[in-house]
Amino acid sequence: MRRLEDYVRDRLSGDLTLNELARLLSISVRHLSRALRQEKGVSVHRWIAERRLSEARRLLAETDMPVQDIARLSAFHSASAFTAAFRAASGFAPGEFRRLRLQ
């Protein structure tokens with residue numbers, strides 16, 4: 001699991017496929033999906049999305065990087081898609097989150 005976590009963390013801004021992740025661990029896609037759901041309680045897709053949003057929260061709180069750049073680094077195709085996903089996950093738009101963290 002540690003190898004998978006490190007690999008995903010280092011490549012959050014890129015495309016991550018189930019096949020690629022399973023190949024990294026030399027296991028089947030089905031086995032990867034089952035193992036991750038058992039270990040983390042969520043699907044591979046959800047787990048990666050959570051990692052990306054967690055990194056986005058960190059960048060919003062610790063840097064003055066523009067939201068568009070954070071969206072790109074979080075593998076979103078647009079700032080508006082990032083804003084919608086961020087709001088759904090946290091209840092705040094990225095700019096609101098940043099302002100609240102800076103107070």
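Values in this text are rule-based calculations from the coordinates and carry no lab data. All values reported here derive from a predicted model rather than from experimental measurement. Heads up, the Cβs are rebuilt from the backbone with ideal geometry, glycines too, and the neighbour counts pull from every protein chain shown.
Electrostatic tally near residue 18: other residues with Cβ closer than 13 Å to its Cβ, Lys and Arg +1, Asp and Glu -1, net +3. Couplings 3J(HN,Hα) for region 89-101, derived from phi with the Karplus relation 6.51 cos²θ - 1.76 cosθ + 1.60 (θ = phi - 60°), are 7, 10, x, 10, 6, x, x, 5, 4, 4, 4, 5, 5 Hz, where x marks Gly and Pro. In a simple Cβ point-charge model (Lys, Arg +1; Asp, Glu -1; nothing else charged), the chain has a dipole of about 340 debye relative to its Cα centre. With R₀ set to 30 Å, the beta-carbon distance separating residue 34 from residue 103 gives a calculated FRET efficiency near 0.10.
Here the contact order of region 2-102, divided by its residue count and restricted to Cα pairs under 8 Å and six or more residues apart, works out to 22 percent. Using just its DSSP H runs of length 4 or more, each adding -39500 (n - 2.57), the chain gives a mean residue ellipticity at 222 nm of -22000 deg cm²/dmol after division by all residues.
Listing 69, 64 from fewest to most neighbouring C-beta atoms within 10 Å gives 64, 69.
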